[in-house]
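Trainee: Just passing along the structure, written as structure tokens.
The values are calculated or read from the model by the stated rules, or taken from the named source; none is laboratory data. Worth saying up front: this structure is predicted, and the values here are computed from it rather than measured. Glycine gets a Cβ as well: all are built from the backbone with ideal geometry, and neighbour counts include every protein chain shown.
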Amino acid sequence: GDKLRTSFLAFNMDTVDDLAFLLKAVKFRERVLQRGLVARIYYKVKTKKEDFFHAWNSCLHHVASLSLAHTHRVLSVVWNQAGVSGAGLVFRT
């Protein structure tokens with residue numbers, strides 16, 4: 001699966017301050033959060049026999065993190081397409 005290559009053996013040598021690297025990083029983060037949210041809800045509904053609404057409510061912090069990751073990914077795509085210089089500074093929080 002999902003692995004973000006950061007070793008010196010990685011073929012693509014994007015640097016941390018490069019917007020392309022940040023785009024890959026936020027895509028990776030969003031995928032990991034999506035899979036984690038689905039796994040948590042599935043576990044709560046199928047194994048612990050919680051109703052879906054209760055399972056969803058107990059995962060709201062995870063949902064908020066996922067929405068923030070999605071926002072970061074969409075903004076990085078838009079800024080990359082627009083050629084905004086220094087856009088990567090926004091993600092250094």
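Trainee: Can you name the condition, by its number, that THR15 falls short on among (1) modelled with pLDDT of 90 or more; (2) part of a loop (DSSP other than H, G, I, E, B)?
Mentor: (1)
Trainee: Report whether or not PHE21 is at pLDDT below 90 and part of a loop (DSSP other than H, G, I, E, B). Give the derivation first.
Mentor: On the way: at pLDDT below 90: yes; part of a loop (DSSP other than H, G, I, E, B): no.
Answer is no for this residue.
Trainee: May I ask you to list the residues in the stretch 46-93 that are hydroxyl-bearing (Ser, Thr, Tyr) and at pLDDT below 85?
Mentor: Residues satisfying the conditions are SER76, SER85, THR93.
Trainee: On to the next question. If ALA39 meets every condition in (1) modelled with pLDDT of 95 or more; (2) surrounded by 13 or more Cβ atoms within 10 Å (Cβ to Cβ); (3) in a helix (DSSP H, G or I) apart from one, which number is that one?
Mentor: (2)
Trainee: Related question: I need every pair where a residue in the stretch 12-34 that is at positive phi has its Cβ under 6 Å from the Cβ of a residue that is surrounded by 17 or more Cβ atoms within 10 Å (Cβ to Cβ) and at pLDDT 90 or above, sequence separation at least 6 or different chains.
Mentor: none
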